[in-house]
């Protein structure tokens, strides 16, 4: 897998400090008293540079979340429904924010319609312990946000053919950063 | 699924974002929770070993790191396994799922830049033999503060 990724993304280019830092925090902190100092040791810079570096990555919006990354499935959240909505274009920001504010909604994105094949313009991800819980949560959103007249569908996930998380993202971040800084 | 202690529940729920950027972040968390730092470190270690947490670290913005898109394909059930394997074989593909819908194969494609992304989409279409829907992110209406776990 890593070999393949290497070829595809040309990971042989040297990394700058920020690229290496993005990769390190994407892979996860060592669980030790001074994790930033340990990362600094690996990267050959100071602890303060690591902490300031993370601050600037957060400040410019590239980092979405920095903390304990939980695997929902392992905690009994086995149902995953992608709920797609056909929202009126002129109300998408208002209604999108309404849908996105519930704690059981883990993603809420506007994406383009592809007419006539695909009419939906908002995608939200809802996790629940089972299907019934997801359905109830969708009904709750419909009533709270006033979406009774909005067409929507729940696409439950079935088989997972491939899932790749942090490492892939971190490696990609590495090459992207490396490319950006030439 | 085992029972989680009150400390574990709080570690899982209250620290999904905003990890302290101080030299000793786990000692800060321990102080907030009124326990020893070693207890926090051991608990996180155990949760990580058990696979309940994948790591303590960063989640990046999908649209800020490289170029990415969500893709949907409508594939006859009898051909789904073959097509899914072709799709998964691309290094640029992650999160390849079957979903219950006429559009039954959903995956995310991530590449270093937009030109490479378009190239990969064309290759996938060619090799699978089905048209794909390219559904890139336009706007995000969501602040990711993690996911509230309920323990009842």
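Any residue that is more than 7 Å from every other protein chain (Cβ to nearest Cβ) and either farther than 26 Å from residue A:127 by Cα or at pLDDT 95 or above (or both) - is there at least one of those in the range B:89-99? Yes, some residue in the range B:89-99 is more than 7 Å from every other protein chain (Cβ to nearest Cβ) and either farther than 26 Å from residue A:127 by Cα or at pLDDT 95 or above (or both). The residue that is modelled with the lowest pLDDT, among those in the range B:1-23 that are over 25 Å from residue A:26 (Cβ atoms) and surrounded by fewer than 16 Cβ atoms within 10 Å (Cβ to Cβ), is B:1. Of the listed requirements (1) modelled with pLDDT of 95 or more; (2) within 23 Å of residue A:126 (Cα to Cα); (3) surrounded by fewer than 17 Cβ atoms within 10 Å (Cβ to Cβ), residue B:123 misses just one: (2).
Does residue A:83 fit the bill of being crowded, with 16+ Cβ neighbours inside 10 Å, more than 9 Å from chain B (Cβ to nearest Cβ), part of a helix (DSSP H, G or I) and modelled with pLDDT of 95 or more? No: the conditions fail for residue A:83. The condition of being free of Cβ contacts under 8 Å to residues at least 24 places away in the same chain and more than 9 Å from chain B (Cβ to nearest Cβ) holds for only one of A:148, A:74, A:110, that being A:148. Taking the stated definitions as given, is residue A:41 more than 10 Å from chain B (Cβ to nearest Cβ), assigned to a helix (DSSP H, G or I) and at pLDDT below 85? Spelling it out, it is not the case that residue A:41 is more than 10 Å from chain B (Cβ to nearest Cβ), assigned to a helix (DSSP H, G or I) and at pLDDT below 85. The set of residues in the range A:44-71 being under 16 Å from the mean Cα position of the chain (by Cα), outside any loop (DSSP other than H, G, I, E, B) and either at pLDDT 95 or above or facing chain B (nearest Cβ under 7 Å) (or both) consists of A:63, A:64, A:65, A:66, A:67, A:68, A:69, A:70. The range B:1-100 holds helices (runs of 4 or more DSSP H) entirely within its bounds, and those carrying 1 or more residues that are outside the structural domain of residue B:122 (by TED's automatic domain parsing) and in contact (Cβ under 8 Å) with a residue 24 or more places away in the chain map to B:6-14, B:25-33, B:37-50.
Against the numbered list (1) within 7 Å of another protein chain (Cβ to nearest Cβ); (2) in contact with a helix residue (DSSP H, G or I) (Cβ under 9 Å, 6 or more places away or on another chain); (3) outside any strand (DSSP E or B), residue B:110 comes up short only at (3).
The values are calculated or read from the model by the stated rules, or taken from the named source; none is laboratory data. From a predicted model like this one, the values you see are computed outputs, not experimental measurements. In this analysis, Cβ positions are derived from the backbone assuming ideal geometry, glycine residues included, and neighbour counts consider all displayed protein chains.
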